Amino acid sequence: MSYSKVHTDDVEKVSDAMHFLGDPLDCRQVGVTMVRCDPDWKGKPHDHTDDGHEEVYILIDGEATVRIDDEDVSMVSGDAVWIPPEATRQIRNGDGESSFVLVSAPENTDTAKESQWVPRGVQG
């Protein structure tokens, strides 16, 4: 088969919000995470300095804030934000539910260790 398919309901939920889809989809170079945030849910602040992953957070439903380093980035449905590996990031959900798709991959630089890359999603 030339593709793989999975439904988020068939993937174990982590930290009460996240479905890591990269492994179930047999992704080789990209990490994909679906995050369904309950009201007032907050992810764990983290960065990807050690593994060199850049990330894109795409808000597909609702409103939320992504804290990047010391700046709050307000997001509404349809917004996307790129985050470099060394930046500390944290999803901070508001009063309503929201849903994100997170995409991560090793930065395309001479210092990126693509051969040692392991797909990981946001830490909650």
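Which residue is modelled with the lowest pLDDT, if the candidates are limited to region 102-112 and must be touching a strand residue (DSSP E or B) at 6+ places or on another chain (Cβ under 7 Å) and more than 17 Å from I68 (Cβ to Cβ)? Working first, answer last.
At the first step, the residues of region 102-112 found to be touching a strand residue (DSSP E or B) at 6+ places or on another chain (Cβ under 7 Å) are 102-107, 112.
From the residues that got through so far, the ones that are more than 17 Å from I68 (Cβ to Cβ) too are 105-106, 112.
Numbers: A105: 90, P106: 85, A112: 46.
My answer is A112.
Tell me yes or no: at least one residue of region 85-99 is among the hydrophobic types (A, V, I, L, M, F, W, C) and modelled with pLDDT of 95 or more. Outline the logic, then answer.
Of all residues in region 85-99, those among the hydrophobic types (A, V, I, L, M, F, W, C) come to 87, 91.
Still in the list and also modelled with pLDDT of 95 or more: 87, 91.
Checked region 85-99: at least one residue is among the hydrophobic types (A, V, I, L, M, F, W, C) and modelled with pLDDT of 95 or more.
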How many residues, within region 19-31, are closer than 21 Å to G52 by Cα and buried (at least 19 other Cβ atoms within 10 Å of the Cβ)?
-> 4
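Okay, residues lined up against (1) part of a loop (DSSP other than H, G, I, E, B); (2) at pLDDT 90 or above; (3) under 16 Å from the mean Cα position of the chain (by Cα); (4) within 28 Å of G94 (Cβ to Cβ):
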site	(1), (2), (3), (4)
D9	no, no, no, yes
Q29	yes, no, yes, no
V32	no, yes, yes, yes
R36	no, yes, yes, yes
D40	yes, yes, no, yes
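Residues checked against (1) buried (at least 16 other Cβ atoms within 10 Å of the Cβ); (2) under 24 Å from N108 (Cα atoms); (3) in contact with an Asp or Glu (Cβ under 8 Å, 6 or more places away or on another chain):
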position	(1), (2), (3)
V11	yes, no, no
V14	no, no, no
D40	no, no, yes
G43	yes, no, no
H46	no, yes, no
E55	yes, yes, no
E63	yes, no, no
V76	no, no, yes
P85	yes, yes, yes
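The values are calculated or read from the model by the stated rules, or taken from the named source; none is laboratory data. Quick caveat, the model's predicted, so the values are computed rather than measured. Cβ sites come from the backbone with ideal geometry, for glycine too, and all protein chains shown count toward neighbours.
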